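Working notes, beginning with the structure itself.
The values are calculated or read from the model by the stated rules, or taken from the named source; none is laboratory data. Source: prediction; values computed, not measured. Reconstructed Cβ throughout: ideal geometry from the backbone, glycine too, with neighbour counts over all protein chains shown. What goes into the accessible areas is simple: the full protein's heavy atoms, side chains included, and nothing from ligands, DNA or RNA. Shrake-Rupley method; radii C 1.70, N 1.55, O 1.52, S 1.80 Å.
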There are 2 protein chains.
Amino acid sequence: MTTSRAPGHRERKKQQTREALSWAALRLAVERGLGNVLVEDIAAEAGVSPRTFNNYFSSKAEAIVWRHLDRVRHIAELLRERPPGEPLWDSLTSVVVLPFGDEGARPDPEWTAGVRLILGQTELQGAFLKAGAEAERECAFAIAERTGTDVGRDLYPLLVAAAVGAAIRVASEQWLRADPSVPLPTLLRDAMGRLAAGLPAPNAE
Amino acid sequence: MTTSRAPGHRERKKQQTREALSWAALRLAVERGLGNVLVEDIAAEAGVSPRTFNNYFSSKAEAIVWRHLDRVRHIAELLRERPPGEPLWDSLTSVVVLPFGDEGARPDPEWTAGVRLILGQTELQGAFLKAGAEAERECAFAIAERTGTDVGRDLYPLLVAAAVGAAIRVASEQWLRADPSVPLPTLLRDAMGRLAAGLPAPNAE
DNA sequence: CCGCAATATTGCGGGATGCGCACTTTTATG
DNA sequence: CATAAAAGTGCGCATCCCGCAATATTGCGG
């Protein structure tokens, strides 16, 4: 649980194995389809026994989605590093955009394929959302610190975290769907801006 | 079993069976714990063969969560029935609160137990969230009609739907956690109000 | 540098699941 | 009433998830 006083070198290798497994799972699933990948294959790809796979992940889906979770998890940390004076929603927006590369940056085909796989395969969506929810809870704590609220009693921090999670999710979906490719950070900023503005109905026209 | 006398309502019986299965799954899982319930038991409880269970649901989790999905699904319909003049967020709030009973109403122990089970058991959360996401997509269409936007091109309707879904989720969790029981509709209104207000940081004090 | 204790990995095995396939029963239609 | 369509059923298999116990690896103190 507490990561602090470990000598690290052992934990390090574990994390390495975990990453290798997650990576292998994603790669195989992308290239030959989720249904045609056995746990056995993933383990082989990562150089461990099939049984070991389940020491790290309790399902294929969990393994594939883990990289995402790890990524979004950083958002909470990043949020804590923001200058305390900054308005909350400015912090949130910066922090949400950050892990997804700079505005004009590379799509990163590896990442794109992963997102496409996850959002496409029905069986992964559950795990994906669940991972997202976990990440949200961590963010909620950071938000609570920031706003002087209590995760246990006030609904505010969890609500904000969930809303932000929703924004990320929706922006990502739209990003994949967008025909003339629009940079994800742009979509994220748009979504966050609307949230902060109270999601007013767009003056249609 | 009741043979529906009216012709054509084969669909009716199917729905009936589906409901029986979902109901049985929920009931058994609540009373003896999810891990101690076999598909076989659920099927027996509903009076069909185990194989038939999988014709309706592809997992225990899906069966349990289905009732929830069915419930939330109505929100989209309800939204379409609102007077077109009403401000969007007023409509949304009404419609969100509606399926969960009136303000001062019954807790409905059956429902409470179900929610508690779903939010507690890790294995159900994925399915639960996935079902929620599906419901959100349906709501998005209703919102798009209402606001003259396009689900395929604009990110607005999906964003609003996802935010509303987040509000429902968070409010429900808080409702279970609340020590001096607070009515769920109250929490829902609170959450929706904050969303519509742009989730301003509460003036701490 | 060595042996010991903690921890990680592995193999085995069983219970349960999800689903394809073919067969039987029920229901709707002409 | 005959017959086709659709739902329910039984069987079997590939896979999965996990507990348990044995083994290998790692880190630490002497």
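At a glance:
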| quantity | calculated |
| --- | --- |
| Residue selected from the range B:172-183 under the condition closer than 16 Å to residue B:97 by Cβ and open to solvent by 30 Å² or more (accessible area, probe 1.4 Å), by the criterion farthest from the chain's Cα centre (by Cα) | B:182 |
| Neighbours by Cβ (under 7 Å, 6+ apart or cross-chain): first from the range B:47-67, within 14 Å of chain A (Cβ to nearest Cβ) and under 15 Å from residue B:128 (Cβ atoms); second open to solvent by 40 Å² or more (accessible area, probe 1.4 Å) and near DNA strand C (Cβ under 7 Å from one of its atoms) | B:60/B:39 |
| Check on residue B:95, more than 24 Å from residue B:196 (Cβ to Cβ) and more than 9 Å from chain A (Cβ to nearest Cβ) | no |
| Tally, over the range B:135-163, of residues that are within 9 Å of chain A (Cβ to nearest Cβ), touching a residue at least 60 places away in the same chain (Cβ under 8 Å) and under 15 Å from the mean Cα position of the chain (by Cα) | 0 |
| Any hit, the range A:79-91, residues being within 16 Å of DNA strand C (Cβ to nearest atom) and either touching a residue at least 24 places away in the same chain (Cβ under 8 Å) or open to solvent by less than 60 Å² (accessible area, probe 1.4 Å) (or both) | no |
| Residue identified as out of contact with any Ser or Thr (no Cβ under 7 Å at 6 or more places or on another chain) and open to solvent by 10 Å² or more (accessible area, probe 1.4 Å) among A:189, A:169 | A:169 |
| Wholly enclosed helices (runs of 4 or more DSSP H) of the range B:94-183 bearing at least 3 residues touching a Lys or Arg at 6+ places or on another chain (Cβ under 7 Å) | B:122-147, B:156-177 |
| Qualifying residue in the range A:151-164 (condition: out of contact with any Asp or Glu (no Cβ under 8 Å at 6 or more places or on another chain) and under 30 Å from residue A:25 (Cα atoms)) | yes |
| The range B:11-58, residues that are near DNA strand C (Cβ under 8 Å from one of its atoms) and at positive phi | none |
| Test: residue in the range A:196-204 that is surrounded by 18 or more Cβ atoms within 10 Å (Cβ to Cβ) and in contact (Cβ under 8 Å) with a residue 40 or more places away in the chain | yes |
| Count - residues of the range A:58-73 that are open to solvent by less than 60 Å² (accessible area, probe 1.4 Å) and under 17 Å from the mean Cα position of the chain (by Cα) | 9 |
| Meets criteria (more than 16 Å from DNA strand C (Cβ to nearest atom), open to solvent by 20 Å² or more (accessible area, probe 1.4 Å) and out of contact with any strand residue (DSSP E or B) (no Cβ under 6 Å at 6 or more places or on another chain)) for residue B:158 | no |
| Any hit, the range B:113-121, residues being within 14 Å of chain A (Cβ to nearest Cβ) and either among the polar types (S, T, N, Q) or over 13 Å from the mean Cα position of the chain (by Cα) (or both) | yes |
| Residue A:82, sole failed condition from (1) of a type in the set (D, E, K, R); (2) part of a helix (DSSP H, G or I); (3) away from DNA strand D (no atom under 16 Å from the Cβ) | (2) |
